[in-house]
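S.K.: Dumping the structure here so I can ask a few things about it.
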Amino acid sequence: MTEVERVENALQHLLHPLLQHKDDLTLNIIEKTSVVIVELSLHSEDASYLNEGEDSLLQALKRLMSVAGKERKLSLNLIEDSAE
């Protein structure tokens, strides 16, 4: 299993129990030489839920992903969808 597959599987595993709109979860993974950027797109209600509070679940996921990278740095970014 590649690093990208591990990242995708881990995020799916962590996020699915937290989401009300699981079908709206989209992960766009961009691989660079020294970094893997994960763009996370969610339903607006789920995005709001993950962003609640000063120590939000999203911030915890970002910290977890930043230390989980073995070969490259991992960066998790929430992409806001203005169409919803």
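The values are calculated or read from the model by the stated rules, or taken from the named source; none is laboratory data. Bear in mind that the values here come from a model prediction, so they are computed numbers and not experimental data. Every residue, glycine among them, receives a Cβ derived from its backbone with ideal geometry; neighbour counts consider all protein chains shown.
S.K.: Filter the range 1-57 down to the residues that are of a type in the set (D, E, K, R), surrounded by 14 or more Cβ atoms within 10 Å (Cβ to Cβ) and out of contact with any helix residue (DSSP H, G or I) (no Cβ under 9 Å at 6 or more places or on another chain) and list them by number.
M.R.: Within the range 1-57, E3, E8, E39 meet the criteria.
S.K.: Give, as residue ranges, the helices (runs of 4 or more DSSP H) completely inside the chain that count at least 3 residues that are of a type in the set (A, V, I, L, M, F, W, C).
M.R.: On the way: elements: 3-15, 44-51, 57-68.
In the chain, the matching helices (runs of 4 or more DSSP H) lie at 3-15, 57-68.
S.K.: When only residues in the range 58-72 that are among the charged types (D, E, K, R) and surrounded by 14 or more Cβ atoms within 10 Å (Cβ to Cβ) count, which is nearest to E31 (Cα to Cα)? Show your work before the answer.
M.R.: Taking the range 58-72 first, the residues among the charged types (D, E, K, R) are 62-63, 70-72.
Filter once more, keeping what is surrounded by 14 or more Cβ atoms within 10 Å (Cβ to Cβ): 62, 72.
Numbers: K62: 17, R72: 9 Å.
Going through the qualifying residues, I end up with R72.
S.K.: From the set of residues in the range 47-84 that are more than 17 Å from Q12 (Cα to Cα) and of a type in the set (S, T, Y), which is modelled with the lowest pLDDT?
M.R.: Residues of the range 47-84 that are more than 17 Å from Q12 (Cα to Cα), as a first pass: 48, 51-56, 67, 70-73, 80-84.
Applying the additional criterion that residues be of a type in the set (S, T, Y) yields 48, 56, 82.
Details: S48: 94, S56: 92, S82: 52.
If we take residues in the range 47-84 being more than 17 Å from Q12 (Cα to Cα) and of a type in the set (S, T, Y), then S82 is modelled with the lowest pLDDT.
S.K.: Report, by residue number, each residue of the range 49-84 that is among the hydroxyl-bearing types (S, T, Y) and within 14 Å of the chain's Cα centre (by Cα). Can you show your working first?
M.R.: Step one: list which residues in the range 49-84 are among the hydroxyl-bearing types (S, T, Y), which gives 49, 56, 66, 75, 82.
Within the range 49-84, Y49, S56, S66, S75 meet the criteria.
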